[in-house]
Amino acid sequence: MLVRIVKMSFHEDKIPAFMENFDNVKSKIRNAPGNSFLELYQDKDNKNIFFTYSYWETEADLENYRQSELFNTVWSFTKTLFNAKPEAWSVDKLVSLV
């Protein structure tokens, strides 16, 4: 399993637009082939910073999503709202306690 972590920082006045768009596309992202988990987090101290965590069955599944029309539409809109360059990590889950 591959975990994708994306850190995004938004202009404060753009946060409502991001949240509205995320609400509209979150189910589509979560239901992309190979995706088994999606969460959105907001930093407690800096409300401009958000993180997405998504679980992908394979690296190919993530890459297929990143090449999809859905991703292109979502990312084209989202990147216009940033106040800093986004950061992203692909990591392997080693341990999980639930």
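The values are calculated or read from the model by the stated rules, or taken from the named source; none is laboratory data. Just so it is clear, the model here is predicted, and its values are computed rather than measured. Just so you know, the surface numbers come from the protein's heavy atoms only, side chains and all, with ligands and any DNA or RNA stripped out. Shrake-Rupley method; radii C 1.70, N 1.55, O 1.52, S 1.80 Å.
Across the chain, how many lysine pairs, 8 or more positions apart or on different chains, have C-alpha atoms separated by under 23 Å? Please give the number.
Going through the chain pair by pair, I get 23.
For Phe18, what accessible area in Å² do you get when you roll a 1.4 Å probe over the heavy atoms of the protein chains, rounding to the nearest 10?
Ignoring ligands and nucleic acids, Phe18 comes out at about 10 Å².
For Cα Rg over 2.2 N^0.38 Å, which listed value, (1) 1.18; (2) 1.07; (3) 1.37, comes from the coordinates shown?
(2)
Over the chain, what relative contact order in percent results from Cα pairs under 8 Å that are six or more residues apart?
Here the relative contact order equals 47 percent.
Round to the nearest 10 and report in Å² the accessible area of Thr80, as given by a 1.4 Å probe over the protein chains' heavy atoms.
Accessible area of Thr80: about 90 Å².
How many percent of the accessible area of segment 1-49 is carbon or sulfur, using a 1.4 Å probe? It would help to have the intermediate numbers written out before the result.
Details: 1420 of 3010 Å².
Roughly 47 percent of what the probe reaches on segment 1-49 is carbon or sulfur.
Of Leu81, Leu97, Leu40, which has the most accessible area and how do the rest follow, probe 1.4 Å?
Leu97, Leu40, Leu81
What ranking of Trp89, Trp75 comes out by heavy-atom accessible area, probe 1.4 Å, highest first?
Ranking Trp89, Trp75 by accessible area, largest first, yields Trp89, Trp75.
How would Lys85, Lys79, Lys26 line up by accessible area, probe 1.4 Å, largest first?
Largest accessible area first, the list is Lys85, Lys79, Lys26.
For segment 45-98, what does the accessible surface come to per residue with a 1.4 Å probe? Please give it in Å².
Working: 3870 Å² over 54 residues.
On a per-residue basis, 72 Å².
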